Ligand SMILES: C[S@@+](CC[C@H](N)C(=O)[O-])C[C@H]1O[C@@H](n2cnc3c(N)ncnc32)[C@H](O)[C@@H]1O
């Protein structure tokens, strides 16, 4: 059987294969550790409770899944869903939070066609993953489909700083310093030129809000983090 894969999917696959083993370290270095704070804020906004069923779409090495699993305790379940086995394995083999990781289920699959029935989850989240999809609208539609009525969706994604001076500095950092650090640490400059390019192509917070409302989410709000470098969108599926 011939498997068709488009150019963007191939690029994303190569990128995450190249960075999987150093992904967590690079995230911490490149964001000066701030991504941990962003992720904690984002998961808190989901208002998870013990016993909830949670989907972590494009979950990668599992930072968001771990934060969620801590909140939903042993009677809840977090499913980490990712297309890239290398990324999931890098997380599974990590020694920190090993006990919590044991309670996370790992499913390999494409976020554009989520392999779960309708209304399976109380909450669905995606962190720094949706911009990698060829069709991000399909990813959000699928999140909507697998949520139970009244379920909450959270999307944490990079965006552009609001302050023009800060934006210039951020451009300098992300287009020049980030790829250089990527090359020194992971040996792949290309993998880290992909990141700023994909961020620039991502819709503004207002456009993303409109897209989510069009899909059917209600009570859509967003919150900018660190002058807008990252943005959290929250939406609710109609009860
Ligand atoms: C930048 S990482 C984010 C990982 C994690 N959510 C975090 O916040 O650290 C993006 C993840 O999206 C996954 N991904 C990319 N395209 C995907 C797709 N079509 N379906 C599912 N996962 C995908 C990649 O394999 C990668 O693990």
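The values are calculated or read from the model by the stated rules, or taken from the named source; none is laboratory data. Keep in mind the model is a prediction, meaning the values are calculated, not measured. For neighbour counting, all protein chains shown are included, and Cβ atoms are generated from backbone atoms with ideal geometry for every residue, glycine included.
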Check: What single numbered condition from (1) surrounded by 17 or more Cβ atoms within 10 Å (Cβ to Cβ); (2) at pLDDT 95 or above; (3) assigned to a helix (DSSP H, G or I) fails to hold for residue 178?
Finding: (2)
Notebook entry, point to check: Quick one: in the stretch 191-239, which of the residues that are part of a loop (DSSP other than H, G, I, E, B) and out of contact with any helix residue (DSSP H, G or I) (no Cβ under 8 Å at 6 or more places or on another chain) is surrounded by the fewest Cβ atoms within 10 Å (Cβ to Cβ)?
Noted result: 239
Margin query: Looking for something more than 16 Å from the ligand (Cβ to nearest atom) and within 27 Å of residue 71 (Cα to Cα) - is there at least one such residue anywhere in the stretch 174-189?
Written below: no
Check: residue 34 is checked against (1) buried (at least 22 other Cβ atoms within 10 Å of the Cβ); (2) under 23 Å from residue 170 (Cβ atoms) and fails just one. What number does that condition carry?
Finding: (1)
Next item on the list: Having 2 or more residues that are buried (at least 18 other Cβ atoms within 10 Å of the Cβ) and within 8 Å of the ligand (Cβ to nearest atom) is the bar; report the strands (runs of 3 or more DSSP E) wholly within the stretch 57-144 that clear it.
Entry: 77-82, 121-127
Check: Taking the stretch 4-32 as the search range and keeping residues that are away from the ligand (no atom under 13 Å from the Cβ) and without any contact (Cβ under 8 Å) to a residue 40 or more places away in the chain, which one is nearest to residue 70 (Cα to Cα)?
Finding: 32
